[in-house]
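Q: Got a structure for you, questions after.
The values are calculated or read from the model by the stated rules, or taken from the named source; none is laboratory data. This is a predicted model, so every value here is computed, not measured. All Cβ positions, even for glycine, are placed from backbone atoms using ideal geometry, and neighbour counts span all protein chains on display.
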Amino acid sequence: MNPTGQPGRAPASQAPTGAVEDACVPPPAGLTTDQLRGVNCVWCGEKLGLSAVDLGVRRDPQCPWASWFPRACPPCHRPRSTGGSR
Ligand SMILES: [Zn+2]
């Protein structure tokens, strides 16, 4: 359990499905609130459905105390993903 309500750090064996390099994720300063919340794709801004890829919690370099939660649609995520062999 997690009484503080803080998101726990995921163990390495349970990495987010969409491992993407930080450099590939757009700077949060240029994104909409919905993109920061993972409601819309970080890249194309499309509203995300069940197939959305979770990119994991990110820290805003401008606001290290704040976290944001990028998600992406599969067509945007696939070419940028560092996970997998292809
Ligand atoms: Zn997209």
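Q: Among residues belonging to segment 41-59 that are part of a loop (DSSP other than H, G, I, E, B) and under 11 Å from the mean Cα position of the chain (by Cα), point out the one that is farthest from the ligand (Cβ to nearest atom).
A: Val57
Q: Looking at Val20 and the list (1) touching a residue at least 60 places away in the same chain (Cβ under 8 Å); (2) near the ligand (Cβ under 10 Å from one of its atoms), which single condition is not satisfied?
A: Going through the list (1) touching a residue at least 60 places away in the same chain (Cβ under 8 Å); (2) near the ligand (Cβ under 10 Å from one of its atoms), Val20 breaks only (2).
Q: Take segment 1-40 and flag every residue that is at pLDDT 60 or above, under 13 Å from Trp68 (Cα atoms) and not in a helix (DSSP H, G or I).
A: Within segment 1-40, Val25, Pro26, Pro27, Leu31, Thr32, Arg37, Gly38, Val39, Asn40 qualify.
Q: Filter segment 58-86 down to the residues that are over 17 Å from Ala23 (Cβ atoms) and hydrophobic (A, V, I, L, M, F, W, C) and list them by number.
A: Cys63, Trp65, Ala66, Phe69, Cys73
Q: Somewhere in segment 25-40, is a residue more than 13 Å from the ligand (Cβ to nearest atom) and acidic (Asp, Glu)?
A: No, segment 25-40 has no match at all.
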